[in-house]
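The values are calculated or read from the model by the stated rules, or taken from the named source; none is laboratory data. What you see is a predicted model; the values in this text were computed from it and never measured. All Cβ positions, glycine included, derive from the backbone under ideal geometry; neighbour counts span all protein chains shown.
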Amino acid sequence: MAKRLLSQLLALILFAMYSASLCNAQSATATIVGAVIDPQGAVLQGAAVIARNVDTGSERTTRTTSDGLYRFDSLPPGLYDIRVEAKGFGKKEVKAVRLQVGEQRDVNFNLAVTGTSETVDITAAAPLVETNKTEVSSVIDEKQVATLPTTTSFNGVGGFANDYAGLAVIAPGVKYDLTSVSSDLIGPGAVNNRGIQVNVDGGTISDQVVSTRDALGASVEEVKEFQVLTNNYNAEFGQAGGVILNVITKSGTNGFHGDAHYYTRGRNLTASTFFYNLSDDANFRRAPFHKYEGGFTAGGPLIKDRTFWFTTYEQVRQGIPLQLVPPTGSLSITQPTKEILWSTKVDHQLNANNRISARFNLQRDLTDNLLLQIAPTASPESLVAQVIHDHTLNIGITSTPTLHTVNEARFFWHRFLSSTPTKTDQPGQQGPNFYFGAAFCCPQGADQNRYQYVDNFSWNHGAHTLKTGLNISRFPYNSLFTQFAFGLYQGFHAFPNQGPPSSLTIGIGPAKVRAADNIYGLYAQDTWKIKPNLTLNYGVRYDLENGAFRGGTGPAVNGSDCSQGNGIIPACSSDHNNLQPRIGIAWSPNFKSGFLHTLFGDQSRSVIRASAAEVTELAYLNVVLDSLNFDGVNLFTTTFVNPAVLSFFPGRPPDSLLSSLRRPNEFGRIRPISPDLKNPETRHFNLTVTRQIGTTMVVDVGYLSVLGFGLFGERDTNFPTINPDPAHPGFFYFGPRPDPRFTAIRTNENSRTSAYHGLLLNATKRMSHHFQFQAGYVLSKQLSSSEDFFGLSEPGDPSNIRADRALAQSDTRHQANFGAVFETASASSAGFLKHVVNNWTIGVIGTIQSGRPYPVSTGDAPFANAFFPGIGSETQQRPNVLPDGTLVATNIANGGAGTNLLVGPNGSAACHCPQTTFLAPGGASPLGAVDTFTGDTVDFQFVNGDLVRNGGQGDPYYRFDLSFTKAFKIHESIRVELKADVFNIFNKPLFILFNGLDTVNTMPVSTDPNCRVCLNAQTGRYIGSDGRALTIQDLKHGKVSKDLQRRVFGGLGDPTGTDLARTVQLSARFRW
């Protein structure tokens, strides 16, 4: 009875998943393709081709089409034996075909007459070039995952256990975002990480709200291998225009296998960071640090050749130093973390045509002392804590209804809960070189669920392989986002003479959002083998979101389906124009002799690829969440300059006072979406030549282009009117904001663009002679008009967005990435020597990157309530550049902090310095430009300076990590491994975060004509400690100050952080 019920349940699951409408139809499988030829060179129809998985014993059978072609889609990556049987011909078998995730391996057969048979070793016979492939991708294989040094992801994105995703930096052009916008991986052409997608066993673990990984998804011990896609994906992949990581986890096999492992590192194995050594905490002691990570994996058969299980457990205890650089002196703070990861997986062969797999994963994190959306100039009370619970359930079934059709269906559930409380309820204080008090971002909380259904159906017919999928996704989410809940005082001068604040920004209201996004999609693609050496991949994809553009809960207004909660501002849009064509061609030259044969080699040893793709990206829900949250009702955000409010500094004014100052129908600063907001789009172009060298190496030379259109960015559509002063030509003054019910209306719109062009060189050598490597170099240039959708996207001048198009902060002109594995195996058979030199494995990862751009700003804002939080300390306003490169901020509107140089007649009398402007006429807004010395409302000449966005350039980034593993064989299948990972082996200070002190107002104004580290009011120049006037050239060559304890320009042009110092991680593993 129980057996019958189980069979009925499995049949029900099979039917439901087979017929489901599906989402994000990505596949964590691989493909084998080929042709069968008779002795006369004619194609052979109807030949039986059998693929057998060596580890599990499972077999798949197909027959060649009328064109003599065969294809195995949706195969689990692994080791396969392929054999062909045809009446009248001898059997032929190719053994040990290593199939990697996302790969299309060509395995062709030339049959002989009956009476002969042949077995071929794949490593010596089959070409490595994928002649049907048109996308740009790399695979981090099982050997690399097991051997190369792995550590916590940059800034702990996704979790704190050793992270497999860090190995993606081996792929050409892939790097980490070092600006602190996301700290996530970004690929060639990506301005930020919003287009990244991470799939684990075909299920998406990326957060739909912020478009980054919520969790690791799997421990590095559980990951078998993963594919890194960076350009021109097939129509099967959608909703992401950046890096796609296609990860597969380990499964059980017919043998019982697993391991128990333990990693450790501590202060005695870790060098202190550069900034820690500058702090009083150093005192000839290393920074306090520890990380202990341990766990196990185990797997095996429940029923041989049919049912398999695999489970993992990982626990992390960590305390890492966070180096803060407030103006009171460098501080080292410990960030404690507790993390648990657990997963279990079952694979079952239902019958010859159906295979089912199910996996459950859990991750729990508890972390303290995080630095969130604030520069490292913060003080300890400005840090936050975080609690994360993450769960996933992944059920997939692969079916072969006929010899030429395959269906892969998947259900995926992902729940993410998080809480981010602050450490204090005292209002924040933000100045040019400091941040005190509560983090303005928090407290925050999230409760998200993703219900995802995935289906791929393939049909192999003649010379065509058709693939299609239909999609549905449901993503309900709840958010708590109380920005400025305790208030943020701004408008200070540099510490220690910061003076009183000029404004207080505060948010009042519940700040709770409950919403949902439904995603529907459809794709179809065809792989057409036009000739044996010519393949055309073409397809189309369509995606539609229902919920991503509903930015309000109020009634319809002005033709929009809804308005924000204030009932005034339209905040609903839709996007139905998301048709995405994809096309690619792969030609494998087959010249028989001459120079071209020498250049391209024998058949299937080279391929020329050209492809183009239109990609619609998901509308990450942070944009619509802000529209729902910052509506003046759910959260009322405003900036006060009223002396009665500022008199409560440094405390928070009482709500009764704040309420009494709120005018009727006043809604403060809001953040609606534009009523015509659409999904962002990227367009990919690729031309690559791939050539196999010898039997184990493949070389790629190519051109990549990624163009971004309709990228998200904010703009204040309620910016004050700018009026010419009739008494003083060339001078202006601010009038009131057009709609007095609001301050800034920070509207998110599709007005930003990006452009990336790169030359790619890459070489990959598979394991042979105990050595394998992958090395790539990219020469590129990247422009953008924004870095992301929030505050830092606000243009310096809201009326001139084009002026913000410049080098992106992710622009890395030169980048070289590499990874290599060397193993001694049984190098010696001599007595004692073999115990010393045998069974060593050495792994190395390295990256060399030129310096990246960073913003240089005034640190001020043109209007008193026009400060918008960015990444570091920067504001949106930039200084001017004189013909000799000197930076000045004279007569640039300064209503924010009053730190630009505007000297009216009264100011000139007060400072005994030259007058630069005039008193503003009657009717000018008192919130507009003010006299630097007297606070009078004055005229200005510029809303924003002419310095390009991201005008500075940081230091180059060179990092090399190394691992050594020694194995001791105890039994044929049992061994002990001792491993040492060394990160940043040369202990070079890896300077980052040049945006921590990136404002010219770190140098306060001075009336002393001989002042140092100041804005000289007599000349209008910024003067360094050595008496030099600041020029833009000073900021173009990395770190400005040779001695960071004696900063030349008050810290401007100098880093405020480093990546990790040299760290040694020791580990032991018992493997069976």
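Listed values, structure above:
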read-out	value
Enumeration of residues in region 260-270 that are modelled with pLDDT under 95 and either closer than 30 Å to E972 by Cα or buried (at least 20 other Cβ atoms within 10 Å of the Cβ) (or both)	R265, T270
Leading residue by the ranking (surrounded by the most Cβ atoms within 10 Å (Cβ to Cβ)) among those in region 35-52 that are in a strand (DSSP E or B) and in contact with a strand residue (DSSP E or B) (Cβ under 6 Å, 6 or more places away or on another chain)	V36
Region 212-226 - residue that is buried (at least 24 other Cβ atoms within 10 Å of the Cβ), more than 16 Å from T150 (Cα to Cα) and not aliphatic (A, V, I, L, M) and, of those, farthest from the chain's Cα centre (by Cα)	D214
Selected residue (only one of G758, G730 is buried (at least 17 other Cβ atoms within 10 Å of the Cβ), modelled with pLDDT of 95 or more and farther than 30 Å from I568 by Cα)	G758
Residue that is surrounded by the fewest Cβ atoms within 10 Å (Cβ to Cβ), among those in region 615-633 that are of a type in the set (D, E, K, R) and more than 20 Å from the chain's Cα centre (by Cα)	D626
Region 58-116, subset among the acidic types (D, E), under 39 Å from the mean Cα position of the chain (by Cα) and modelled with pLDDT of 90 or more, residue nearest to E236 (Cα to Cα)	E59
Single condition S588 does not satisfy, out of (1) touching a helix residue (DSSP H, G or I) at 6+ places or on another chain (Cβ under 9 Å); (2) touching a residue at least 60 places away in the same chain (Cβ under 8 Å); (3) more than 25 Å from H684 (Cβ to Cβ)	(3)
Of all residues making up region 889-923, the number that are without any contact (Cβ under 8 Å) to a residue 40 or more places away in the chain, crowded, with 24+ Cβ neighbours inside 10 Å, in contact with a strand residue (DSSP E or B) (Cβ under 7 Å, 6 or more places away or on another chain) and not hydrophobic (A, V, I, L, M, F, W, C)	1
Spans of strands (runs of 3 or more DSSP E) in region 686-777 with at least 1 residues in contact (Cβ under 8 Å) with a residue 12 or more places away in the chain and among the small types (G, A, S)	697-716, 742-768
Selection count where residues are over 19 Å from T405 (Cβ atoms) and part of a strand (DSSP E or B), scope region 53-89	10
Any hit, region 974-985, residues being buried (at least 19 other Cβ atoms within 10 Å of the Cβ), on the phi > 0 side of the Ramachandran plot and under 29 Å from the mean Cα position of the chain (by Cα)	yes
Within region 795-834, tally of residues that are hydroxyl-bearing (S, T, Y) and either modelled with pLDDT of 90 or more or surrounded by 16 or more Cβ atoms within 10 Å (Cβ to Cβ) (or both)	4
Residue among L1015, L997, L947 that alone is within 30 Å of S785 (Cα to Cα), in contact (Cβ under 8 Å) with a residue 60 or more places away in the chain and out of contact with any strand residue (DSSP E or B) (no Cβ under 9 Å at 6 or more places or on another chain)	L997
Qualifying residue in region 962-973 (condition: at pLDDT 95 or above, over 23 Å from P496 (Cα atoms), surrounded by 17 or more Cβ atoms within 10 Å (Cβ to Cβ) and among the hydroxyl-bearing types (S, T, Y))	yes
P855 vs. criteria touching an Asp or Glu at 6+ places or on another chain (Cβ under 6 Å), under 23 Å from A375 (Cα atoms) and not aliphatic (A, V, I, L, M)	yes
Within region 227-280, considering residues that are of a type in the set (A, V, I, L, M) and in a loop (DSSP other than H, G, I, E, B), the one farthest from the chain's Cα centre (by Cα)	L278
Residue in region 314-331 that is farthest from A494 (Cα to Cα), counting only those that are buried (at least 21 other Cβ atoms within 10 Å of the Cβ) and among the polar types (S, T, N, Q)	Q318
Strands (runs of 3 or more DSSP E) wholly inside region 439-526 containing at least 2 residues that are more than 25 Å from the chain's Cα centre (by Cα), buried (at least 18 other Cβ atoms within 10 Å of the Cβ) and of a type in the set (G, A, S)	503-508
Any hit, region 273-292, residues being of a type in the set (D, E) and at pLDDT below 95	yes
Subset of region 876-893 [of a type outside the set (A, V, I, L, M), more than 31 Å from the chain's Cα centre (by Cα) and part of a loop (DSSP other than H, G, I, E, B)]	P883, D884, G885, N891
Filtered residue count, region 272-313, keeping only those that are of a type in the set (A, V, I, L, M, F, W, C) and surrounded by 18 or more Cβ atoms within 10 Å (Cβ to Cβ)	6
Scope region 952-990; condition under 16 Å from S873 (Cβ atoms) and either part of a loop (DSSP other than H, G, I, E, B) or not small (G, A, S) (or both); matching residues	G954
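Yes/no per residue for (1) part of a helix (DSSP H, G or I); (2) buried (at least 22 other Cβ atoms within 10 Å of the Cβ); (3) at positive phi:
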| site | (1), (2), (3) |
| --- | --- |
| G567 | no, no, yes |
| S574 | no, no, no |
| I585 | no, no, no |
| P589 | no, no, no |
| F595 | yes, no, no |
| D602 | no, no, no |
| I608 | no, no, no |
| A613 | no, yes, no |
| T637 | no, yes, no |
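Residues are listed down the side, and each one gets a yes or a no for (1) in a helix (DSSP H, G or I); (2) among the β-branched types (V, I, T); (3) surrounded by fewer than 21 Cβ atoms within 10 Å (Cβ to Cβ):
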| residue | (1), (2), (3) |
| --- | --- |
| V836 | yes, yes, yes |
| F868 | no, no, yes |
| E874 | no, no, no |
| S925 | no, no, yes |
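Yes/no matrix, rows are residues, columns are (1) within 30 Å of F1049 (Cα to Cα); (2) in contact with a Lys or Arg (Cβ under 8 Å, 6 or more places away or on another chain):
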site: S330; (1), (2): yes, no
site: I340; (1), (2): no, yes
site: K345; (1), (2): no, yes
site: N361; (1), (2): no, no
site: H389; (1), (2): no, yes
site: N407; (1), (2): no, no
site: L417; (1), (2): no, no
